[in-house]
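Contents: one structure, followed by commentary.
The values are calculated or read from the model by the stated rules, or taken from the named source; none is laboratory data. None of these values were measured; they are calculated from a predicted model. Cβ atoms come from the backbone with ideal geometry, glycine included; neighbour counts cover every protein chain shown. For the accessible areas, the whole protein counts, side chains as well, though only heavy atoms, and no ligand, DNA or RNA atoms are used. Shrake-Rupley method; radii C 1.70, N 1.55, O 1.52, S 1.80 Å.
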Amino acid sequence: MSNFEKLQDRLAAGETILMDGGMGSEIERRGLISPTTWSGGPMLTHPDAVRDIHQEYIEAGAEIIITNTFGTGRDMLEEGGIEDKVTEANRLGIEAAVQARRNAGADESVVIAASVSTMRPKAHAEVPVPYETALATYREQLDELAKGGADVVVGEMLVRISDTLAVIDAATELGLPVWVGLSLVRDGDGLYLGIQDRHGGETLQDALDAIKDKGVAAVFVMHTPVDDTGPGLEIVRQSWPGIFGAYAHFPRSASPPSQPNATDPQSYLEYAKGWSEQGARIIGGCCGTRPDHIQVLKEWLSGS
């Protein structure tokens, strides 16, 4: 039985599974982030640092780690003029995760989720990525990530329905299960697919309706402010019949100046408890969360 199949059995039994925390913000905290390609460039220049971050998350209690390939799609790497490095960056991304799992002695338990996205550093959420463009980007990334041993695909910071459908189709072509990570912004009383207060008018409900018959293994509200994650999950709870989860981010404004993108793990835990009560069965963290946050979540889940 594969690690993913074991995970599915545990989820079906009602367990809550712990995912890792922020990768890009953790790379940034260590002074390694790229001003043009965000977390994509460091995958090429500092793969050992990425591996070590994965391992720290596993040792903190994460049973799912997400590859540092959110920023290694062609769209993102073009920003830094290194689009010819797509294959290498994704190969290094899956190798770092696999090696971290091995170093932590967790080959038989930790699930590796292959992250893909068409989001660019400038976050042009209001400019849609055409379906065919997104599909080609995902195919290129996933070819390498699948060969390297990814257990599941996770589309991250999805802010358009067409982009979301492209993730699902690319993963399905490879025979890999797929998770959908939707990023939300609030506009008035509504929650829309978007980022940094920009959206294209597509609501969370629109997205859920569009993917309901697509065989998606789990839906996440991710890279969404903590205060909007719960309301987003409530919409998911009412409309989505399958597994769902959450990994939110803390806004930079919530971080002390001396430690960018970091906030109190206990505060994050209180949010996570609420998400669990709403039915979230996979919980982790996005930007601003660190191994310390995952350790606190692990202690809570284990009852210690």
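General observations
- Within region 26-46, being assigned to a loop (DSSP other than H, G, I, E, B) and open to solvent by 10 Å² or more (accessible area, probe 1.4 Å) holds for Arg30, Gly31, Leu32, Ile33, Pro35, Thr36, His46.
- Strands (runs of 3 or more DSSP E) enclosed by region 143-199 - at least 1 residues per element that are more than 18 Å from the chain's Cα centre (by Cα): 184-187, 190-195
- Residues that are closer than 20 Å to Gly21 by Cα and of a type in the set (S, T, N, Q) within region 91-120 comprise Gln99, Asn103, Ser109, Ser115, Ser117, listed in sequence order.
- Residue match in region 207-225 (condition: at pLDDT 95 or above, under 18 Å from the mean Cα position of the chain (by Cα), aromatic (Phe, Trp, Tyr) and surrounded by 15 or more Cβ atoms within 10 Å (Cβ to Cβ)): yes
- Selection count, region 47-92, where residues are open to solvent by less than 10 Å² (accessible area, probe 1.4 Å), closer than 19 Å to Val116 by Cβ and either touching a strand residue (DSSP E or B) at 6+ places or on another chain (Cβ under 8 Å) or not in a helix (DSSP H, G or I) (or both): 10
- Filter result (crowded, with 23+ Cβ neighbours inside 10 Å, part of a helix (DSSP H, G or I) and of a type in the set (A, V, I, L, M, F, W, C)) within region 95-120: Ala96, Ala97, Ala100
- Residue in region 130-137 that is in contact (Cβ under 8 Å) with a residue 12 or more places away in the chain, open to solvent by 10 Å² or more (accessible area, probe 1.4 Å) and in a loop (DSSP other than H, G, I, E, B) present: yes
- Every test in (1) touching a residue at least 24 places away in the same chain (Cβ under 8 Å); (2) in contact with a helix residue (DSSP H, G or I) (Cβ under 7 Å, 6 or more places away or on another chain); (3) farther than 19 Å from Ala272 by Cβ is passed by Thr36 save one, and that test is (2).
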